[in-house]
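Asks: Dropping the structure in here first, questions after.
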Amino acid sequence: MKKLAVIGANDFQNQLILKAKELGYETHVFAWRAGAEGEKTADYFYPISITEKEEILEVCRRIRPDGICSIGSDLAVVAVSYVAEHLGLPCNPVSITHQCTNKAAMREAFARAGVPVPRFVRTGRHDGPDLSGFSFPVIVKPTDRSGSRAITRLETAEGLQEAVDAACEASFEHMAIIEEYLEGDEYSCECISQDGVHHFLAVTKKFTTGAPHFIETGHMEPAGLSAEQEEQVKAAVFAGLDALGIVTGASHSEFKLAADGSIRIIEIGARMGGDCIGSDLVELSTGNDFIRMVIDAACGRPISVRSGAPLRRAYVRFLLTQEDARALERDRARTDITICRVSRIDTDLLGHTSDSSTRAGYYIYTEAL
């Protein structure tokens, strides 16, 4: 029987587990035991933290999976590449893992390749970063975390040290990055790569709470860009993927589109976009089974990409407040949209969201273009 090793077991990863089982794979799932959905749906569950790559490798040597993958987790990227490379399975090289998961190293790689990025500096708690030449506002964030954790926008230098301290506290390496804030709408570009060839799938528009913490409240595909704008995005994103050395699997590239039409890459993850972007919105809007592509790429099977116009507009909306919960109830009654999935909702978190991990839930819906 075909076997797939999956790193992570939360609600987003569970979509990967379910798809693998639908395709006839025996699923072997690794994650810290926390009562997550994937613990119950996996054929075999191993209570091993996704950071314990040596332990995961030891188990996988016995399992001999056809592939190993994860979706929507920067932290899982390390284990996926490490185990796959040791087993001779398709993957991005371990040598590029650091620059694919560390925002400072990533921007340095972009800068070397001439990929347009904001002005930035890496700093620790007590480094006293030199911001000469910078323009405010700036964004302070951990170098190696995702999910809107410890992100702060500052209009002036006041509060800079507190923001750096918070970012360093959240960072695994206890470091922060300070970058100039770019005006413009926020987007992401979803791609799949195989044998070093990149395939464009979709552009997603991002909605956030705004300053100071920019917690993501929803996403929409297609994003409404013109064909010319999409071509510019593809050129910038493909250059970024090449700069990082990404050759296999999904990628999620965040960028801003300025009023003058210029594009600045914020960061690129060597994984599918989280927040249901890759697991749901891409297929709903384009007809491309993104999760299947990730599995095929991880197992060395040829991927198949559908071209052509989007099929429909797809959304994910996150519940942060009581008003968001009321919006869900209103949307349930609408006849012009189709609600595809509603997550488990933790009503105790409504009104108490501090980052993406403390949102109360979400729902996904589509509408005609």
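Asks: Within the set of pairs 6 or more residues apart or between chains, which connect a residue that is under 14 Å from Ile68 (Cα atoms) inside segment 16-42 to a residue that is at pLDDT below 95 and not in a loop (DSSP other than H, G, I, E, B) with Cβ atoms less than 8 Å apart?
Replies: These pairs meet every condition: Leu16/Ser279; Val29/Gln13; Ala31/Gln13.
Asks: Also, I was wondering about something else. Based on this model, can you work out whether Ser251 counts as assigned to a helix (DSSP H, G or I), under 20 Å from Gln229 (Cα atoms) and at pLDDT 95 or above?
Replies: So Ser251 fails the test.
Asks: From Ala202, Ala239, which residue is farther than 27 Å from Ile364 by Cβ, out of contact with any Cys (no Cβ under 7 Å at 6 or more places or on another chain) and assigned by TED's automatic domain parsing to the domain that holds Ala259?
Replies: Only one candidate qualifies: Ala239.
Asks: Could you check segment 262-320 and list, in sequence order, the residues that are β-branched (Val, Ile, Thr) and more than 28 Å from Asp336 (Cβ to Cβ)?
Replies: Of everything in segment 262-320, those that are β-branched (Val, Ile, Thr) and more than 28 Å from Asp336 (Cβ to Cβ) turn out to be Ile263, Ile265, Ile266, Ile268, Val294, Ile295, Ile303, Val305.
Asks: Here is a further query. Please go through segment 201-218 and pick out each residue that is assigned to a strand (DSSP E or B) and either within 23 Å of Thr321 (Cβ to Cβ) or touching a Phe, Trp or Tyr at 6+ places or on another chain (Cβ under 8 Å) (or both). It would help to see each step written out before you state the result.
Replies: Step one: of segment 201-218, the residues assigned to a strand (DSSP E or B) are 201-208, 216-218.
Leu201, Val203, Thr204, Lys205, Lys206, Phe207, Thr208, Glu216, Thr217, Gly218 - these are the residues of segment 201-218 that are assigned to a strand (DSSP E or B) and either within 23 Å of Thr321 (Cβ to Cβ) or touching a Phe, Trp or Tyr at 6+ places or on another chain (Cβ under 8 Å) (or both).
Asks: Still on this model: From the list Val115, Val78, exactly one residue is free of Cβ contacts under 8 Å to residues at least 40 places away in the same chain, in contact with a helix residue (DSSP H, G or I) (Cβ under 9 Å, 6 or more places away or on another chain) and surrounded by 15 or more Cβ atoms within 10 Å (Cβ to Cβ). Which is it?
Replies: The conditions single out Val78.
Asks: Starting from segment 221-233, keep only residues that are within 16 Å of Ser285 (Cβ to Cβ), then list their pairs with residues that are assigned to a loop (DSSP other than H, G, I, E, B) whose Cβ atoms are within a distance under 6 Å, requiring at least 6 positions of separation or different chains.
Replies: Within 6 Å, the pairs are Pro222/Pro310.
Asks: Let me ask another. With respect to Thr51, determine if the residue is touching a strand residue (DSSP E or B) at 6+ places or on another chain (Cβ under 9 Å), touching a residue at least 12 places away in the same chain (Cβ under 8 Å) and among the hydroxyl-bearing types (Ser, Thr, Tyr). Spell out how you get there, then give the answer.
Replies: Working: touching a strand residue (DSSP E or B) at 6+ places or on another chain (Cβ under 9 Å): no; touching a residue at least 12 places away in the same chain (Cβ under 8 Å): yes; among the hydroxyl-bearing types (Ser, Thr, Tyr): yes.
Judged against the criteria, Thr51 is not a match.
Asks: Another question, then. Yes or no: segment 303-323 includes at least one residue that is at pLDDT 95 or above and closer than 21 Å to Gly245 by Cα.
Replies: Among the residues of segment 303-323, at least one is at pLDDT 95 or above and closer than 21 Å to Gly245 by Cα, which makes the answer yes.
Asks: Which members of segment 55-75 meet the condition of being farther than 17 Å from Lys2 by Cβ and in contact (Cβ under 8 Å) with a residue 24 or more places away in the chain?
Replies: The answer is Ile56, Leu57, Val59, Arg61, Ser70, Ile71, Gly72, Ser73, Asp74, Leu75.
Asks: I need a count of the residues in segment 62-90 that are of a type in the set (Asp, Glu) and at pLDDT below 95.
Replies: 1
Asks: Is there a residue in segment 314-333 that is touching a Pro at 6+ places or on another chain (Cβ under 8 Å), surrounded by 13 or more Cβ atoms within 10 Å (Cβ to Cβ) and at negative phi?
Replies: Checking segment 314-333: not a single residue is touching a Pro at 6+ places or on another chain (Cβ under 8 Å), surrounded by 13 or more Cβ atoms within 10 Å (Cβ to Cβ) and at negative phi.
Asks: Being outside any helix (DSSP H, G or I), touching a residue at least 12 places away in the same chain (Cβ under 8 Å) and under 19 Å from the mean Cα position of the chain (by Cα) narrows it down to one of Arg122, Arg149, Arg153, so name that one.
Replies: Going through Arg122, Arg149, Arg153 in turn, the sole match is Arg149.
Asks: Could you tell me whether Thr217 is in contact (Cβ under 8 Å) with a residue 12 or more places away in the chain, surrounded by fewer than 17 Cβ atoms within 10 Å (Cβ to Cβ), assigned by TED's automatic domain parsing to the domain that holds Leu328 and under 17 Å from the mean Cα position of the chain (by Cα)?
Replies: no
Table: residues versus (1) charged (D, E, K, R); (2) outside the structural domain of Ala202 (by TED's automatic domain parsing); (3) out of contact with any helix residue (DSSP H, G or I) (no Cβ under 6 Å at 6 or more places or on another chain).
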| position | (1), (2), (3) |
| --- | --- |
| Glu228 | yes, no, yes |
| Ile265 | no, no, no |
| Leu281 | no, no, yes |
| Val294 | no, no, yes |
| Pro310 | no, no, no |
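Asks: Hey, another quick one. Take the residues of segment 342-369 that are buried (at least 19 other Cβ atoms within 10 Å of the Cβ) and without any contact (Cβ under 8 Å) to a residue 60 or more places away in the chain: which is farthest from Ala166 (Cα to Cα)?
Replies: Tyr365
Asks: Does Arg107 count as closer than 19 Å to Arg271 by Cα and in a helix (DSSP H, G or I)? Quick ask: steps written out before the conclusion?
Replies: Numbers: closer than 19 Å to Arg271 by Cα: yes; in a helix (DSSP H, G or I): yes.
Here the answer is yes, as Arg107 does meet what is asked.
The values are calculated or read from the model by the stated rules, or taken from the named source; none is laboratory data. Just so it is clear, the model here is predicted, and its values are computed rather than measured. No Cβ is skipped: glycine too gets one built from the backbone with ideal geometry, and neighbour counts run over all protein chains shown.
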